[in-house]
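Below you'll find the structure, written out as C-alpha cells, and then a few comments.
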Amino acid sequence: MSQVPFKAYFGFLTEPFSKEIATKALFLSAQLKELLTRLQHFLTRRGIALITGEVGAGKSTALRAFAETLDKNHHAVVYLDDPTLGLRGMLSTIAQQLNFTSKYFKWQLVPELKAAIEKNFADYHKSTLVIIDDAQHLKPPMLEELRLLTNFRIDSQTPLTLVLLAQPEFRKIVQLKALEAFSQRLTLRLHLTGLAQNEATPYVKHQLEVAGRTDTLFTDDVIAEIYQQAKGMPRLINTLCYECLLEIYRQQKNVVDIPTLERVLCQYDTW
C-alpha cells in the first residue's frame with residue numbers, strides 16, 4: 001500500500017465522485033437541463049409537481065440545484081426529507097423552517113400556517129416552495145391533506161408550491177380513484193431515467209475535472225461497462241468509479257481497466 005495519501009496519489013484537489021459536489025459544478029445532463037427549465041416555468045404557475053426516478057437518478061440533487069438558483073427575497077424554500085413524520089409532524093417542520101411558531105393540534109396548525117404563508121405572499125411578495133423527498137412513503141389520506149393545504153383564497157395565485165420527489169411506483173399511487181383530485185392538481189410530471197449512454201464519458205471526465213484532474217483515469221470500455229452496470233444512475237456510477245480508483249490506488253496503477261472493474265464488481269454481487 002502506498003504511503004502517499006489517496007488524493008495526493010492522483011493529484012486530486014477534492015474528493016472525486018462525491019455527493020457533496022457544489023451545485024454550480026453539477027454535470028448538466030440533458031434531463032437535468034430539461035428539469036431545471038420546466039421547474040422555472042412551473043414556479044410561475046405554481047401548484048403541485050411530481051418528480052419521479054429510480055434511487056440514485058439525481059432527483060434530490062436536481063432540486064437542490066434548482067432551489068439554490070432562487071432569489072431568497074422572493075422564495076422561501078422548505079425541504080422535508082422524512083415524510084414518515086405524519087401530517088402534524090410535517091406541518092410543524094414546515095412551520096419551523098418558515099420561522100413560524102406553530103400550535104400543536106392540526107386543527108390549529110393548518111389555518112395558522114396557511115395564514116403565515118399568505119402573509120408572506122401578500123406583504124413581502126414571497127412565495128413558499130415545499131419540497132418533500134421520498135414521497136412514496138406518503139399515504140393517500142396525507143396526500144389529500146397536502147392538496148387541501150395548497151388551496152388558498154387567492155387560488156389563482158396560490159402562494160404555496162409543492163414539489164414531491166418519489167420513486168417510480170408512486171406514479172401508480174397517484175392514479176388511484178381516491179386521489180383523482182390530487183392528480184388533477186399536478187401541473188408538472190417528470191420521470192428521471194438517469195444519464196443517456198452518450199453522456200457517460202463526459203460525465204466521468206467532468207467529475208474528475210471537478211476533483212482536479214484534466215485527463216481521464218478510465219478507459220472508454222470501462223466507462224461503457226460502468227454505465228451498463230449502473231443502468232445510467234449517477235449515484236451508482238459515482239460509487240463504481242470511486243471503488244475503481246481505490247482499487248488502482250491499492251495496486252499502484254494509473255489507469256482503470258477492465259480487469260480492475262471486474263475485481264470491483266466481484267466484491268459487489270448486488271450490482
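Hey, does region 156-166 have a residue that's in the same structural domain as Ile51 (by TED's automatic domain parsing), of a type outside the set (Gly, Ala, Ser) and assigned to a helix (DSSP H, G or I)? Within region 156-166, one or more residues are in the same structural domain as Ile51 (by TED's automatic domain parsing), of a type outside the set (Gly, Ala, Ser) and assigned to a helix (DSSP H, G or I).
Comparison of Thr93, Thr61, Thr52 shows that the only residue that is in contact with a helix residue (DSSP H, G or I) (Cβ under 7 Å, 6 or more places away or on another chain), assigned to a helix (DSSP H, G or I), assigned by TED's automatic domain parsing to the domain that holds Glu34 and surrounded by 16 or more Cβ atoms within 10 Å (Cβ to Cβ) is Thr93. Looking across region 121-134, just one residue is buried (at least 18 other Cβ atoms within 10 Å of the Cβ) and assigned to a helix (DSSP H, G or I), and that is Phe121. Would you say Ala49 is at pLDDT 95 or above, touching a strand residue (DSSP E or B) at 6+ places or on another chain (Cβ under 6 Å) and not β-branched (Val, Ile, Thr)? Considered against the rule, which asks whether it is at pLDDT 95 or above, touching a strand residue (DSSP E or B) at 6+ places or on another chain (Cβ under 6 Å) and not β-branched (Val, Ile, Thr), Ala49 comes out as yes.
Among the residues of region 192-212, is any in the same structural domain as Met233 (by TED's automatic domain parsing), of a type in the set (Lys, Arg) and more than 19 Å from Val77 (Cβ to Cβ)? There is at least one residue in region 192-212 that is in the same structural domain as Met233 (by TED's automatic domain parsing), of a type in the set (Lys, Arg) and more than 19 Å from Val77 (Cβ to Cβ).
In region 233-253, the condition of being modelled with pLDDT under 95, surrounded by fewer than 18 Cβ atoms within 10 Å (Cβ to Cβ), within 15 Å of Phe12 (Cα to Cα) and not aromatic (Phe, Trp, Tyr) is met by no residue. Working only within region 34-56, note down all residues that are of a type in the set (A, V, I, L, M) and over 26 Å from Gln184 (Cβ atoms). Val55, the sole residue that qualifies. Just to be sure before I move on: is Ala76 touching a Phe, Trp or Tyr at 6+ places or on another chain (Cβ under 8 Å) and of a type in the set (Gly, Ala, Ser) in the structure I sent? No, not satisfied. Looking only at region 21-41, count how many residues are in a helix (DSSP H, G or I) and either surrounded by fewer than 19 Cβ atoms within 10 Å (Cβ to Cβ) or without any contact (Cβ under 8 Å) to a residue 24 or more places away in the chain (or both). Residues flagged as in a helix (DSSP H, G or I) and either surrounded by fewer than 19 Cβ atoms within 10 Å (Cβ to Cβ) or without any contact (Cβ under 8 Å) to a residue 24 or more places away in the chain (or both) within region 21-41 amount to 11. Every condition in (1) out of contact with any Pro (no Cβ under 9 Å at 6 or more places or on another chain); (2) over 24 Å from Ala30 (Cα atoms) holds for Thr128 except the one numbered (1). Of note, Phe66 does not satisfy the criterion of being without any contact (Cβ under 8 Å) to a residue 24 or more places away in the chain and surrounded by 16 or more Cβ atoms within 10 Å (Cβ to Cβ).
The values are calculated or read from the model by the stated rules, or taken from the named source; none is laboratory data. Keep in mind the model is a prediction, meaning the values are calculated, not measured. Don't worry about glycine lacking a Cβ; one is built from the backbone with ideal geometry, like all the others, and counts go over all protein chains shown.
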